[in-house]
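No lab work stands behind these numbers, since they all come straight from the coordinates. Bear in mind that the values here come from a model prediction, so they are computed numbers and not experimental data. Methodologically, a virtual Cβ is constructed for each residue, glycine included, from the backbone with ideal geometry; neighbour enumeration extends over all protein chains shown.
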Amino acid sequence: MIDLYASTTPNVMKVTLALCELDLEFRFLPINVWKGEQFTARFEALNPNAKVPVLVDRADAANPVTVFESVAILIYLAEKTGSLLPRSGSARYEAIEWAVWQAANLGPASGQLNHFLLYAPAGQDYALSRHLTELRRCYGVMERRLSRTPYLGGDEFSVADLACFPWVWSSSNRLRERFAFLDRDSPEAPGIAAWFERCASRAGVLRGIERHAQLTPLLATASPDDLDRIFGRGRYAYGP
């Protein structure tokens, strides 16, 4: 059995999709990050960085394997099963490159834009413009790649696609009417549109989307102090 400590984030969705693609049995262990459950000593023993997702593989009950950071989890699952990642050569490192690119570029730009749109006080025009511009740049990088290859890692569906798909899916669902370039069907990005359709038509991805939808959004449970804590502001902020 695999335990997946989870919330409704795109990073958790990556792992959910991978588990469904690989037809691995797992269960969600929901963590209410809005109420600070990730900051308990029990959770920090699993992930000292106090974030979801965390995967605990109990296949060997005497020696369970714990992995945090979503891209590391994807690579672990790929190596466990021998799927979703070429075993050697340049194709392997292309897939890893694009998975890491998501964690270092696409994810942070998307997350920061989301924060400044939804949670920051008024008057943050520079920050909003900066992150919106960076996200637009990332979509340009993806489009150039996907105009040359069917998948981000190359010719085969891989951990790279699993890393990026949930972020494109989420941003398109929430923001495409406000920012046209985020529309997964944008005529300005035919490479992304075709790639998204290829990924979304996979049986494992469809099952993963359905499983992810079983998680309950818990933002409404957060108090103002809870929000200050998770965003590092108010009495939790460093400095004056």
Treating only the Cβ of Lys, Arg, Asp and Glu as charged (+1, +1, -1, -1), what charge dipole size does segment 12-116 show about its Cα centre? Round to the nearest 20 debye. 180
Would you list, by chain and number, the aspartates and glutamates whose Cα falls below 20 Å from the Cα of LYS51, excluding same-chain residues fewer than 8 positions away? ASP3, GLU37, GLU69, ASP225, ASP226, ASP228
Of LEU152, LEU117, LEU132, the most mobile residue in a GNM of the chain (C-alpha springs, cutoff 10 Å) is LEU117
Looking only at trypsin sites (Lys or Arg not before Pro) in DSSP loops with at most 10 other Cβ atoms within 10 Å, what is the longest site-free stretch of the chain? 1-86
Under a point spin-label approximation (7 Å from Cα along Cα-to-Cβ), what is the TYR93-LEU206 distance to one decimal in nm? 3.8
For the chain, the dipole about the Cα centre with charges only on Cβ (Lys and Arg +1, Asp and Glu -1), to the nearest 20 debye, works out at 320
PRE reach from ALA62 (point 7 Å along Cα→Cβ): which of segment 1-34 fall under 12 Å by backbone N? none
Before rounding to the nearest 500, sum -39500 (n - 2.57) across all DSSP H runs of length at least 4 in the chain and divide by the residue total; then give [θ] at 222 nm in deg cm²/dmol. -16000 deg cm²/dmol
Once you place label points 7 Å from the Cα toward the Cβ at ALA237 and ASP23, how far apart are they in nm? 5.3
Helix by helix, which DSSP H runs in the chain go 20 Å or more along their axis at the Cα atoms and have an average Kyte-Doolittle hydropathy of -0.5 or more? 159-175
Distance (nanometres) between label positions extended 7 Å along Cα→Cβ at ALA180 and LYS80: 4.4
At R0 = 25 Å the Cβ-Cβ FRET efficiency linking ALA127 and VAL100, nearest 0.05, sits at 0.50
Residue among VAL56, VAL15, VAL159 with the largest mean-square fluctuation in a Gaussian network model of the chain, springs linking Cα atoms under 10 Å: VAL56
Scan segment 85-177 for GluC sites (Glu not before Pro) in coil per DSSP, keeping those whose Cβ has at most 14 other Cβ atoms within 10 Å, and list them by number. GLU177
